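All remarks here apply to the structure that follows.
The values are calculated or read from the model by the stated rules, or taken from the named source; none is laboratory data. Source: prediction; values computed, not measured. Note that each Cβ is placed from the backbone with ideal geometry, even for glycine, and that neighbours are counted across all protein chains shown. The accessibility values were calculated without ligands, DNA or RNA, using every heavy atom of the protein model including side chains. Shrake-Rupley method; radii C 1.70, N 1.55, O 1.52, S 1.80 Å.
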Amino acid sequence: MPQYTTEINRLLISIEENWNDISAENAVLTDSSEKFDYAVIDNDSRLLCYTKAGISDTVSAATGNFDIIRDIVCNNNVVGKLIVHNNYAEQKRNDDIRNTKMIGCMAGIMLLVSVGYFIFLRRRVVAPFGRLKDFAVRVAAGDLDTPLEMDRGNIFGAFTESFDIMREELKASRKREEAAVKSRKELIAELSHDIRNPVSSIKAMVDYLELVSDNAEQKETLAAINGKTDQIDKLVSNMFHAALEELEQLEVSPEELPSRELQRIIAESDPLKKVKSADIKDCVIYADKLRLEQTVGNIISNSYKYADTDITIRSFFEENFFVLEIADKGGGVPDEELELITEKFCRGSNAAGKDGSGIGLYISKYFIEQMNGELMCYNNGKGFTVSLRLRLV
């Protein structure tokens, strides 16, 4: 306790001056105002006074505790000892406790900082990176509809919007590509289907000319033309079949259409003049003119191919619909096949030995349904009837 040297010397002088009073009393606990604790003993090791119980009160104990021992001198004689308590061990213990608490606080603070930094990294780096990774996986798998969540607060925030713009551009590019492919397939399907009807008409007219011609050379030429039309029909059928296999739908754009257009459509679809009567009521229907031409052409062409009889067409009104019935006298089809012949690539049992792919009625039904109408097939007792129900405007 070097820092208390002056105070110790002052205390020692005070004790020496009052030695007689101190030595005359029994050991007492002194209420000291000093900054340190002490004990006073005489030469017989008798404890005369002390400031705190438990401190060294013998020279040997003081020596073991590294206390300060000063001689008390009166009249040039050593009359006792002043033992100044060394509180180093206590201070060390207090310092150890304080240091332990400080280290614990620092460890707690470091733990909190580490946990906070881990949470920060997880929220701002790891989780956003995981979302970017999942986004990349979805895009690679073809999912271009799910947007990337925007978060400018994370480390990748500046890239998030760019990645989502990339997704939008890829999505738009895919739609443009799909639209182009679909348009190309629709064009192939429409052209091949539209080509088949006039080719069928040409074949029918050539067949008629072969029957009425008496010139052998003309018949040979007509037979060659007939063969070529069969070849063209097969090639176009193959092309249409391939296009329709991948095509989900053909575009249908219905609008207001006067029913008198049907008279022209029927006339153009009947090159052999087999339609003997066509009663068309005057009204306005909701239909796509091009698709209606294809539908009527398909039905009359099928009648040529499978019935080869006169055709009767009549119309009437039923609730909010204009009904057009196209009937022949070819014997019809088995009742169990009526629901099947409008399915894709399905043909009736009466089609054996005749060219065709089984898509005429299927696509005609599709066209009419896209006009919010209905196509139905049934046997009429003498032959086969196709009924078209078209909405009235």
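I'd like to verify a number: residues in the range 148-180 that are touching a helix residue (DSSP H, G or I) at 6+ places or on another chain (Cβ under 9 Å) and either modelled with pLDDT of 75 or more or charged (D, E, K, R) (or both), how many? Please lay out each step first, then the result.
The initial filter retains those residues of the range 148-180 that are touching a helix residue (DSSP H, G or I) at 6+ places or on another chain (Cβ under 9 Å), namely 148-157, 159-160, 163-164, 166-167, 170.
Applying the additional criterion that residues be either modelled with pLDDT of 75 or more or charged (D, E, K, R) (or both) yields 149, 151-152, 164, 166-167, 170.
Residues in the range 148-180 being touching a helix residue (DSSP H, G or I) at 6+ places or on another chain (Cβ under 9 Å) and either modelled with pLDDT of 75 or more or charged (D, E, K, R) (or both): 7 in total.
Table: residues versus (1) more than 19 Å from ARG10 (Cβ to Cβ); (2) touching a Ser or Thr at 6+ places or on another chain (Cβ under 9 Å).
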residue: ILE55; (1), (2): yes, no
residue: SER60; (1), (2): yes, no
residue: GLY64; (1), (2): yes, yes
residue: ASP67; (1), (2): no, yes
residue: VAL79; (1), (2): no, yes
residue: ILE83; (1), (2): no, yes
residue: LYS92; (1), (2): yes, no
residue: ILE97; (1), (2): yes, no
residue: LYS101; (1), (2): yes, no
In the range 315-344, anything open to solvent by less than 70 Å² (accessible area, probe 1.4 Å) and either acidic (Asp, Glu) or not in a loop (DSSP other than H, G, I, E, B) (or both) is listed as SER315, PHE316, PHE321, PHE322, VAL323, LEU324, GLU325, ILE326, ALA327, ASP328, GLU337
Filter result for ASN372 (open to solvent by 60 Å² or more (accessible area, probe 1.4 Å), out of contact with any His (no Cβ under 9 Å at 6 or more places or on another chain), touching a residue at least 40 places away in the same chain (Cβ under 8 Å) and of a type in the set (S, T, N, Q))
yes
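Identify the residue in the range 1-58 that is of a type in the set (Gly, Ala, Ser) and modelled with pLDDT under 80 and, among all such residues, is surrounded by the fewest Cβ atoms within 10 Å (Cβ to Cβ).
SER33
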Can you say whether ILE300 is hydrophobic (A, V, I, L, M, F, W, C), outside any loop (DSSP other than H, G, I, E, B) and free of Cβ contacts under 8 Å to residues at least 60 places away in the same chain, as far as the supplied structure shows?
yes
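Which members of the range 122-143 meet the condition of being open to solvent by less than 60 Å² (accessible area, probe 1.4 Å) and either out of contact with any Asp or Glu (no Cβ under 9 Å at 6 or more places or on another chain) or among the aromatic types (Phe, Trp, Tyr) (or both)? Spell out the reasoning first.
Taking the range 122-143 as the starting set, the residues that turn out to be open to solvent by less than 60 Å² (accessible area, probe 1.4 Å) are 125, 127-128, 130, 132, 135-136, 139, 142-143.
Within the range 122-143, VAL125, ALA127, GLY130, LEU132, PHE135, ALA136, VAL139, GLY142, ASP143 qualify.
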For the subset of the range 246-269 comprising residues that are open to solvent by less than 100 Å² (accessible area, probe 1.4 Å) and either modelled with pLDDT under 90 or small (Gly, Ala, Ser) (or both), which member is nearest to SER301 (Cα to Cα)?
SER269
Of the conditions (1) without any contact (Cβ under 8 Å) to a residue 12 or more places away in the chain; (2) in contact with a Pro (Cβ under 8 Å, 6 or more places away or on another chain), ALA287 fails just one. Which one is it?
(1)
Just checking, how many residues over the range 59-82 are of a type in the set (S, T, N, Q), surrounded by 13 or more Cβ atoms within 10 Å (Cβ to Cβ) and at pLDDT 90 or above?
0
For the range 298-309, indicate whether the set of residues that are within 48 Å of the chain's Cα centre (by Cα), modelled with pLDDT under 90 and under 26 Å from VAL393 (Cβ atoms) is non-empty.
yes
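Take the residues in the range 196-225 that are of a type in the set (D, E, K, R) and within 28 Å of ILE299 (Cβ to Cβ); name whichever of them is least open to solvent (accessible area, probe 1.4 Å).
ARG196
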The one condition in (1) in a loop (DSSP other than H, G, I, E, B); (2) surrounded by 15 or more Cβ atoms within 10 Å (Cβ to Cβ); (3) not aromatic (Phe, Trp, Tyr) that THR312 fails to fulfil:
(1)
